[in-house]
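Read-outs throughout are calculated quantities, based only on the coordinates presented, and are distinct from any laboratory measurement. Since we're looking at a predicted model, the values are computed, not measured. Here the Cβ positions follow ideal geometry from the backbone for every residue, glycine too, while neighbour counts run over all protein chains shown.
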Amino acid sequence: MSWLQGLILGLVQGLAEFLPISSSGHLTIMQELFGIGGSENLSFDVAVHVATVLSTLVVFFKPISNITKGVFTKGFNKEKDYVLKIIISMIPILIVGLFFKDWVERIFDTERVARHTGNGLLVVGIMLIVTAVLLLVSEIISAVRDLKHGSDAEAKEQKIADRMTVTENMSTAEKCKIFSMQNGINYWQSFLVGVAQSFAVLPGLSRSGSTIATGLMAKVKKTSIAQFAFLMVIVPILGEALLEVIKGIKAGAGTFVFSLPVVCGFFAAFISGMFACSIMVKLLKKFNLYSFAVYCFIVGVLCIVLPYVLK
């Protein structure tokens, strides 16, 4: 891997991790084009994943700081409620990561897929089209909801929720109801979004796209879903990176390798990740996801068709 390839792949990872276009799918496409692999590639994958986590921490520094303070205060509050929902959202991906991830990777490995279909990007292409459909359906449902209740209904509900106060004589159920209104997501919605994340182990199925789309379809507030979707993946991404390192060491791929391509990829992913994360939060509040749906559909079709055409 050259430094330029590392730079390009880092930019792709940072952008695609937060934009709903599948980082795994785009990295697979780029790595197929560049023909790269090996222990340095393992180190690169770990570095860019850590970089995207750091970019998330920077973009959401204020809410993370507030949540941390709330967690260490006395009594059950909306911050503890929020963290509990993040933990619940991680249950499905934990199950998949522990019991099914290796199986999925073996089944959908590009070389294996290429041997059976003649196109190593076939699964990536199909999953990108699935991502496009999810984004399209979620936006249609969200648009219909806005027409029915008004585009400013969520903002009004949030203002009302923020003015609500929790008293000591309230039951836990009453407190949770208020916290759910203030945080913009309830426990059932958190679990559904977590289930969507667990399916994103499939190459080409966007993690941010599937979680955000599922959240919107489950009536999570647009102003809340982006932050929740990005914060809920911090632990799974770091866990995935750690598992990759352990698996690489067991396979004899060596330890982490510091090199110019890895360093370039890390900083490129960090900077592009901060940009994409900030943009995605603003897009969800003011715009729609139709353009991303069209993009994923076009790239998905190209992944399915081009390898056969170019043979």
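Here are some notes:
- Nearest-0.05 FRET efficiency for V294 and I271, computed from C-beta distance (R0 30 Å): 0.70
- Along its first, second and third principal axes, ordered by size, segment 3-309 spans 62, 41, 34 Å in Cα coordinates.
- Listed peptides 96-108, 14-26 by packing density, highest first (mean Cβ within 10 Å): 14-26, 96-108
- The label point for F99 and the one for V305, both projected 7 Å from the Cα toward the Cβ, are 4.1 nm apart.
- Fully extending the segment from L243 to S171 would add 21.8 nm, taking 0.36 nm per residue of separation and subtracting the current Cα-Cα distance.
- Fully extending the segment from Q158 to N77 would add 27.5 nm, taking 0.36 nm per residue of separation and subtracting the current Cα-Cα distance.
- Förster radius 41 Å - calculated FRET efficiency between K148 and F61, Cβ distance, rounded to 0.05: 0.70
- Reachable lysines from K148, criterion Cα separation under 30 angstrom, eight or more residues apart if same chain: K78, K85, K156, K159, K175, K177, K219, K221, K222, K282, K285, K286
- Under the membrane-span-like helix rule (DSSP H runs whose alpha carbons stretch at least 20 Å along the helix axis, mean Kyte-Doolittle hydropathy 1.0 or higher), the chain yields 3-18, 39-59, 78-99, 122-149, 234-250, 260-286, 290-309.
- Over the chain: helical MRE at 222 nm, DSSP H runs n ≥ 4 each giving -39500 (n - 2.57), nearest 500: -26000 deg cm²/dmol
- Kirkwood Rh in Å, taken over all unlike Cα pairs in segment 162-311: 18.7
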